[in-house]
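Structure, as structure tokens:
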Amino acid sequence: MKGNIGPMLLATIKVTIPLAAVSFVVGLVLALGVALARLSSNAAISWLARAFVSIFRGTPLLVQLFLIFFGLPQLGFKLSPWISAAVALALNVAAYAAEIIRSAILSVPKGQWEAAETIGMNRSTALKRIILPQASRVAVPPLSNTLISLVKDTSLAATIGVSEMFHESQVAAAPSGKFIELYATAALIYWVICFVLSLVQTRLEDRLGRHIAR
């Protein structure tokens, strides 16, 4: 049992956490673009963004993962298991986070846009300097929940052979028969990561709150 915990912790540090981090960052960048597209006055752009959100929120992540890893090679695109997992997770995050960001932007009073125009800011500058900083305070809690869910969803990468932490627990449990001990250890590791993330969320909310007028 003790000999199996080391490989699980190593996989957590080398695979699970980097996979979650990369997927979340890429997903957030995509989400911002999709959210702005949803708010676009161009009907075609807005429709495409809405379709993206609908597809990736309305289908299981496991199916998306299998389509990317097993399906894309049929079209001539063969990705490694790690890259396939990162792409699937990032696209899934983008769909959920886009709606969070869009709602956060819409929560900022329209008067803030008007005030920015009054002092000569164009729309992109106003968005960057005034709207997004205020929207971020609203978006942090649900985005943090998305990140926590993402950390747990990395376990699905084991289904395509990514040697992340849960995969290591499966490999160790099969020959030893210690399913309860090893899977409970995996659950504990996930819980610790998510608990730390919740503490970071609270600190970030407090910091952002100091810059928001009450």
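The values are calculated or read from the model by the stated rules, or taken from the named source; none is laboratory data. Owing to the predicted nature of the structure, the values given are computational and were not obtained by experimental measurement. Cβ placement follows ideal geometry from the backbone for every residue including glycine, while neighbour counts extend to all protein chains displayed.
Numbers below:
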quantity	calculated
Residue match in the stretch 139-156 (condition: modelled with pLDDT under 90, out of contact with any Phe, Trp or Tyr (no Cβ under 6 Å at 6 or more places or on another chain), surrounded by 19 or more Cβ atoms within 10 Å (Cβ to Cβ) and not aromatic (Phe, Trp, Tyr))	yes
Residues satisfying the stated conditions in the stretch 18-72, i.e. of a type outside the set (A, V, I, L, M, F, W, C) and not in a helix (DSSP H, G or I)	Ser40, Ser41, Asn42, Thr59, Pro60
Flag if Ala173 is modelled with pLDDT of 90 or more, buried (at least 16 other Cβ atoms within 10 Å of the Cβ) and touching a Leu at 6+ places or on another chain (Cβ under 7 Å)	no
So Val196, is it closer than 22 Å to Ala90 by Cα, out of contact with any Phe, Trp or Tyr (no Cβ under 7 Å at 6 or more places or on another chain) and loosely packed, with under 13 Cβ neighbours inside 10 Å	yes
Counted residues, the stretch 19-58 - those being more than 17 Å from Leu143 (Cβ to Cβ) and touching a Phe, Trp or Tyr at 6+ places or on another chain (Cβ under 9 Å)	2
Where Ile5 falls short, out of the listed (1) among the β-branched types (Val, Ile, Thr); (2) modelled with pLDDT under 95; (3) over 23 Å from His167 (Cα atoms)	(3)
The stretch 29-61: number of residues that are surrounded by 13 or more Cβ atoms within 10 Å (Cβ to Cβ), over 15 Å from the mean Cα position of the chain (by Cα) and among the hydrophobic types (A, V, I, L, M, F, W, C)	8
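For every residue, the table says whether it meets (1) outside any helix (DSSP H, G or I); (2) closer than 21 Å to Gly58 by Cβ.
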| position | (1), (2) |
| --- | --- |
| Lys78 | yes, no |
| Ile100 | no, yes |
| Ala116 | no, no |
| Leu132 | no, no |
| Ser155 | no, no |
| Glu168 | no, no |
